[in-house]
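See below for the structure under consideration.
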Amino acid sequence: MAAEAKHTCYEGCSVSSFQFYLEKSGEHAAILKCVHSLLPEEFKRIGAGKSSLDVLGIGSGGGEMDMQMLSLLQSTFPAVPITADVVEGSSALVNNFKAKTADLPKISFSWHVMHSEEYEKQVKAKGDIKKFDFIHMIQMIYYVDNMAETIKFCHSLLKNNGRLMIIVEAANSGWDILWKTYKKDLCVDSIKEYRSSGEVIACLKSLGLKYEEHPVPNSYDATECFDPNSTTGGRLLSFMTGTDNFYESFTPEIRAGMLDLIRNKCSTEKDGRVFWNSHLSCILVYA
């Protein structure tokens, strides 16, 4: 997610578009299921013998996932002080997040309303680098200018035995197929280069970093996307293509091609309904 100096997907009216997508897609529920199956054991191992724990969230949005993970960490180590640094470019989403933090009064929060690369510059300029036990980047790797540099920087912030968790759309998911097929039409605004788990893993290998990958299955009903009179379908298509208005952003030929691709290459049909393949991937990178 980008700083307000740059255009970001999640400023102004786009915040409501993002929240609408989350409600319709079930994405957070899928990620939560993964988090609750993987992180309890990871947290026990990461925090073993430590007198304090420090967490960094990059592109944390409205904090829905952060609050769940921090709550899980606190319940695993109830007597250990925890700090949470949050890097998020959207001031509207940061305000949403701040409103939730009363539920975790023992955790000390620090807010960095900026793009991740701006945070990197500030940290390096300051010299006094804070290290973290757990760093997470959920659905934000699409918005950075240099993925390898961002991952390398985050990895450098890990404490001994720490973990970096990256969650992205899975290779060959509907998102991956759509955005790569229509790259010249879609990668024109806040996302200049679409990246799925395939690109992230290739990057980790090139950096020589140890990791493990866990699938996060998800799909949602996209049937209304094929009804031009459906407001819900139009809003979903606008979010899926990163536009303000799907029907105004592309020529009729491109719209038709995208809809055909969504239906026949990116989805499955069941009982007359069309389900968009929005599988994700959770990648845990070792310190």
**Request:** Report the local net charge at Met65: Lys and Arg +1, Asp and Glu -1, summed over other residues whose C-beta lies under 13 Å from its C-beta.
**Result:** -2
**Asked** Using Cα pairs under 8 angstrom and six or more residues apart, how large is the relative contact order of the chain, in percent?
**Response** 21
**Pairwise Lys count, the stretch 174-287 - Cα closer than 15 Å, eight or more residues apart or different chains** = 4
**Prompt:** In percent, what relative contact order does the stretch 109-174 have, based on Cα pairs under 8 Å that are 6 or more apart in sequence?
**Reply:** 38
**Fill in**
Of every Cα-Cα pair in the stretch 1-157, the percentage lying beyond 21 Å is 46
**Message:** Below 11 angstrom from the Cβ of His279, what's the summed charge of the other residues (Lys, Arg +1; Asp, Glu -1)?
**Reply:** -3
**Prompt:** Want the number for Lys131 to Arg255: 0.36 nm per residue separation, take away the alpha-carbon distance, what's left?
**Reply:** 40.0 nm
**Asked** If each residue's Cβ is checked for other Cβ atoms within 10 Å, how do Lys180, Lys205 rank with the fewest at the top?
**Response** Lys205, Lys180
**Prompt:** With each label point set 7 Å from Cα along the Cα-Cβ vector, what nm distance links Asp227 and Asn172?
**Reply:** 3.3
**Asked** Roughly how many nanometres apart are two label points built 7 Å out from the Cα toward the Cβ at Asp103 and Tyr247?
**Response** 3.7
**Asked** How are the C-alpha pair distances of the stretch 139-245 spread across 10 Å bins, as whole percents from the shortest bin up?
**Response** 12, 39, 31, 14, 4, 0
**Request:** Extending each Cα 7 Å along its Cβ direction at Arg273 and Gln19, get the distance between those two points in nm, one decimal.
**Result:** 2.5
**Request:** Calculate the radius of gyration of the Cα atoms of the stretch 186-287 to one decimal place, then report Dmax, the largest Cα-Cα distance, as a whole number, both in Å.
**Result:** 16.6, 50
**Prompt:** Over the alpha carbons of the chain, what is the largest minus smallest coordinate on each principal axis, giving the biggest first in Å?
**Reply:** 59, 40, 40
**Fill in**
For Ile141, Ile82, ascending order of other Cβ atoms within 10 Å (fewest first) is Ile82, Ile141
**Asked** Roughly speaking, what is the stretch gain from Lys183 to Tyr286, that is 0.36 nm per residue apart minus the C-alpha to C-alpha distance, in nm to one decimal?
**Response** 33.9 nm
**Asked** Using the 10 angstrom Cβ neighbour count as an exposure proxy, how do Asp128, Asp54, Asp103 rank, fewest first?
**Response** Asp128, Asp103, Asp54
**Item:** Cut-off 12 Å between beta-carbons: net charge of the residues surrounding Gly26, Lys and Arg +1, Asp and Glu -1
**Value:** -1
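Every number here is computed from the coordinates shown, using simple stated rules; none is lab data. Values in this document were obtained by computation on a predicted structure and should not be read as measured data. Backbone-built Cβ (ideal geometry, glycine too); neighbour counts: all protein chains shown.
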